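Notes to accompany the following structure.
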Amino acid sequence: MKLFRWLWLALTLALLANGFRVAMFVVPIDQEQGEISRILYYHVPSWCGMAVFFAVNLICSLVYLALRNKNLERALKADALALASAEMGVVYCLIGMTTGSLWGRAAWGIWWTWDARLTTTLVLWLIYVAYLLVRRFVTGPEMRTLAAVVAIFGYLDVPIVYMSTRWWRTQHPAPVFFGGPNSGVDPSMLPALWWNMAGWLAWGIFVVMLRYAAEYRQQQADLKAAHSALEAA
């Protein structure tokens, strides 16, 4: 398992390095925005990573709720993966908001505006931060169940964020991908997007693997301590 992690890390670093090379030195700059347009190659992958890891958190939360009274070992594994995925999703969501703010300041002259896309994204980030706070500060056997319910509730905002530019007029541009006629980017820009998307997803998976292993070890230690306490009593 350790060998696999080292190989995965090597692959991840190679993808990130090549993604940086292609984004900064190979693809042409946008004729209207100039060099600032290169932030696209990190802004979009961060949103994709957020969507992937929040979806994993949702699935694992549902699995935990389904198995918590039937197969505790599998339920705890699902719960550990749910926590690790939520942490990574929160990081990617923050990166997406930060890169978007930097891009907005350069392109529009503003850091932030309370339009539908930005506001629903901020709400999404706050919900998952609340999820992590529940995991950190709530004690007792029902903590994981409560966290799973918060995760399910939080994920309801993900499609709202995605559809916000279709449902409302926003400062944020219309959808670039899957947005209908005249949407999309120039084909010359796609290599930088794909390389960085692969690299940042691989990085997220690597971090989630580490956090999952650490959380599952902590769960086992807590169970062992609880059993010891019962035997001592």
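The values are calculated or read from the model by the stated rules, or taken from the named source; none is laboratory data. Worth saying up front: this structure is predicted, and the values here are computed from it rather than measured. Cβ atoms come from the backbone with ideal geometry, glycine included; neighbour counts cover every protein chain shown.
So here's what we get for this one:
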{"item": "The range 145-157 residues that are over 16 Å from Leu126 (Cβ atoms), paired with ones that are among the basic types (Lys, Arg) and surrounded by fewer than 19 Cβ atoms within 10 Å (Cβ to Cβ) (beta carbon under 9 Å, 6 or more apart)", "result": "Thr145/Arg68; Ala148/Arg68"}
{"item": "Residue count, the range 64-101 (criterion: surrounded by fewer than 19 Cβ atoms within 10 Å (Cβ to Cβ) and among the aliphatic types (A, V, I, L, M))", "result": "7"}
{"item": "Residue match in the range 210-221 (condition: at pLDDT 85 or above, surrounded by 15 or more Cβ atoms within 10 Å (Cβ to Cβ) and of a type in the set (Gly, Ala, Ser))", "result": "no"}
{"item": "Test: residue in the range 190-199 that is surrounded by fewer than 11 Cβ atoms within 10 Å (Cβ to Cβ), modelled with pLDDT under 95 and more than 25 Å from Ala75 (Cα to Cα)", "result": "no"}
{"item": "Filter result (within 14 Å of Leu156 (Cα to Cα) and touching a Ser or Thr at 6+ places or on another chain (Cβ under 8 Å)) within the range 54-71", "result": "Phe54, Val56, Asn57"}
{"item": "Any hit, the range 33-40, residues being surrounded by fewer than 22 Cβ atoms within 10 Å (Cβ to Cβ), modelled with pLDDT of 95 or more and β-branched (Val, Ile, Thr)", "result": "no"}
{"item": "Pairs, first over 14 Å from Leu146 (Cα atoms) and in contact (Cβ under 8 Å) with a residue 12 or more places away in the chain in the range 112-134, second surrounded by 15 or more Cβ atoms within 10 Å (Cβ to Cβ) and of a type in the set (D, E, K, R), C-beta under 9 Å, six or more apart", "result": "Thr120/Asp157; Thr121/Asp157; Val123/Asp157; Leu124/Asp157"}
{"item": "Unique residue being part of a helix (DSSP H, G or I) and out of contact with any helix residue (DSSP H, G or I) (no Cβ under 7 Å at 6 or more places or on another chain) when the list is Leu133, Leu94", "result": "Leu133"}
{"item": "Condition broken by Glu73, with the remaining ones in (1) within 21 Å of Gln218 (Cα to Cα); (2) touching a residue at least 24 places away in the same chain (Cβ under 8 Å); (3) of a type in the set (D, E, K, R) satisfied", "result": "(2)"}
{"item": "Residue list for the range 2-45, filter: more than 18 Å from Trp200 (Cβ to Cβ), touching a residue at least 24 places away in the same chain (Cβ under 8 Å) and assigned to a helix (DSSP H, G or I)", "result": "Ile36"}
{"item": "Complete set of residues in the range 16-66 that are under 11 Å from Met197 (Cβ atoms) and among the hydroxyl-bearing types (Ser, Thr, Tyr)", "result": "Tyr41, Tyr42, Ser46"}
{"item": "Given (1) among the basic types (Lys, Arg); (2) within 30 Å of Asp186 (Cα to Cα); (3) in a loop (DSSP other than H, G, I, E, B), index of the condition Arg105 fails", "result": "(3)"}
{"item": "Verdict on Asn57 being of a type in the set (S, T, N, Q), surrounded by fewer than 20 Cβ atoms within 10 Å (Cβ to Cβ) and in contact (Cβ under 8 Å) with a residue 40 or more places away in the chain", "result": "no"}
